[in-house]
1. Where only protein heavy atoms count, and the probe is 1.4 Å, what is the accessible area per residue for the protein assembly as shown in Å²?
2. Quick one: 3J(HN,Hα) in Hz for the stretch A:32-38, Karplus 6.51/-1.76/1.60 with θ = phi - 60°, rounded, Gly and Pro as x.
3. Can you list the residues, at least 5 places off or on another chain, whose amide H is less than 5 Å from the amide H of A:Val5, using H built in the peptide plane?
4. Where does the stretch A:194-315 land on the Kirkwood hydrodynamic radius, alpha-carbon pairs, in angstrom?
5. Roughly how much accessible area, to the nearest 100 Å², goes out of reach of solvent when B and A pair up, both sides summed, probe 1.4 Å?
6. Run lengths n ≥ 4 of DSSP H only: what is the helix-derived mean residue ellipticity at 222 nm for chain B, with -39500 (n - 2.57) per run over all residues, to the nearest 500?
7. Which of the three applies to the stretch B:87-172, rounded, prolate or oblate, going by the alpha-carbon gyration tensor with a ≥ b ≥ c and a/c under 1.5 meaning rounded?
8. Send over the per residue convex hull volume for chain A, Cα only, as a whole number of Å³.
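The values are calculated or read from the model by the stated rules, or taken from the named source; none is laboratory data. Just so it is clear, the model here is predicted, and its values are computed rather than measured. As a convention, Cβ positions derive from the backbone with ideal geometry for all residues, glycine included, and neighbour counts pool all protein chains shown. We work out accessible area using only protein heavy atoms, side chains counted, and drop any ligands, DNA or RNA first. Shrake-Rupley method; radii C 1.70, N 1.55, O 1.52, S 1.80 Å.
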Amino acid sequence: MSILVVTEQRGGAWNRMSFETLAAAQQFEKPVHAAVIGTGIETLAQELAGYQLEAVHAVSHPLLEHYTADGYSLALRQLIEKVSPELVLFPHTYQVRDFAPKLATSLNRVLVSDVVARHGDVFVRQLFQGKINADIRFTGEPPFFASLQAGAWRADQTVAGSAPVVPFTPELKPEQIRVKPLDIFREAERAVDLGAAEIIVSVGRGIKEADNLPVVQKLAEVLGAEMAASRPICDNGWMPMERQVGSSGQTVAPKMYIAVGISGAIQHLVGMKGSRTIVAINRDPEAPIFEVADYGIVGDLFEVVPALIEEIRKVK
Amino acid sequence: MMKIVVVIKQVPARDSFLRVDPGGAWIQESDLNYEINEPDAYALEAGLQLKEKSGGEVVVVSTGPARVASTIREALAKGADRAIHIEQEDVAGAGPLATARVIASALETEKPDLILTGLQSDDFGYGQTGVILAELMGLPHATIIMNVEVNGASLRLKRELENGYFQHVEMPLPALLTMQSGSNKLRYATLMGIKKAKTKEVRTIAGVQPEGAGTSIRIERVYMPGSSKQSQIFDGPPREAAAKLVEKLKFEARVL
Ligand SMILES: Cc1cc2nc3c(=O)[nH]c(=O)nc-3n(C[C@H](O)[C@H](O)[C@H](O)COP(=O)(O)OP(=O)(O)OC[C@H]3O[C@@H](n4cnc5c(N)ncnc54)[C@H](O)[C@@H]3O)c2cc1C
């Protein structure tokens, strides 16, 4: 089965998840092709040429200078027609979420999104925010499309080698690009750098109400920890945005991360799963947070956290 | 005056304890409660706010079995003007392309200016139905939208990117947007709204799968994921569990 890996770059800088996808493809099957898309991508294409690949396709056109779903889908469709891969693999990034389903649909195919594992012909993806796994099989004719979840394969397992760079200029017309991308910006400078914290106590929707937050704040105090939160807590304004951990917040890797009333959706996990010791407190024994936890307590946080504070005080 | 279609989905309530069928074909649905998919609630809120600002109509569309009617009624009670219920039993097996095809054919005669939907569903989480629908209908789209501004025949949007970044984009109408959770405050249905909803039109049509669905995907089996780590999980009385945990943290992990 031949594979085409679609990498991701912005302004000449890689999205590092590209290399996780490259590593996965190299483990899956041969031959593996890789594509890099944009303008001024010669250096990036040369870098890809240092891996064990069949070819590196440098997809370039003035209309591809900035990412658009229209431009990327049209260009990749033409590349797929040229290369005829059986499997097209993407990193499951925000950008891929934006164009890959459109691309697959234009070829009358379905993308299997956010894949976490592959066994033979079966691709595994998660349902219900990580609570259930599903084995999925493609039916019908290739090409098949799949995007791979962040962290599911390891970028450091790519195999070096050498590959030719093949330039590819798609046919694109300005009127085909309907969306106009404008400025990229950040809302506010971050006053809190959670990256420096040794211990983080993080709170999720299990806390129910803003008025209950002191329960968890007390735990942070006895541990000398920084407070953090899952996204819904920050969306509600219960904690400042700058304390949000996850794909749209900060990435942290403290010595200890204590997740209280957090379910463990992948967008949260990517921001904290590099922590050295992970502790989870949740009343649902099947909550996905327990899958990454080193230690956990199944129970009601309103009973468990006060008990934990008392026990910590005894040993400190 | 805009015609806004909001595509919503009913999913198992967020705090559900899920169990897999003995055969592993699907989850046990009999004892579940259902609610509107969270990002879809934000799509509905955005649609209602746009209507309040510039006038027009909000039409709610949902696919699924008879139980979906309760979620549709709730959307009408919050202020949607009318609804289309595409009745379909096996939503689980359909996959995002099949679902989008059914919705696209139901919308053929509607000709909306703007279609809004949540960025993904909390059950399947494909995150694709909206984007596929746009492609099938020949509309431009944008995903993970935090804010929508209508300027005549075009839109100015705030998109979320990774790591705390955002991007402004502009696009012409008609268009489709997938909305992110948390960007607005959700309204509650008023008593008046609930009363009015009873008289609003709900058109129920049969979800017929159009020909030529092409390659699809098949869910072979569902199961509980295993742990990727050697986790030590304590339960039982909170005090005992807490004591055990603290001992481990002090003497094994050495983080206390
Ligand atoms: C594009 C995108 C980006 C996102 N970015 C982020 C991000 O950066 N960070 C982030 O966190 N999320 C992010 N999310 C949202 C993410 O998908 C989840 O919705 C979110 O993380 C859920 O937060 P939660 O775990 O606090 O809430 P829930 O999923 O509602 O979980 C609450 C948990 O509390 C438990 N609980 C309830 N009551 C109690 C009790 N009394 N005692 C103990 N436990 C209890 C429940 O069992 C449940 O597991 C993003 C989503 C998308 C689509």
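1. With the other protein chains kept in place, the protein assembly as shown gives 41 Å² per residue.
2. Using θ = phi - 60°, the values come out as 10, 9, 10, 10, 10, 10, x Hz.
3. Here A:His33, A:Ala34, A:Ala35, A:Leu89 satisfy the definition.
4. The answer is 13.9 Å.
5. About 7900 Å² of accessible surface is lost on pairing.
6. About -9000 deg cm²/dmol.
7. Since a/c reaches 1.5 but b/c is at least a/b, the shape of the stretch B:87-172 is classed as oblate.
8. Spelled out: Cα convex hull of chain A, divided by residues, is 147 Å³.
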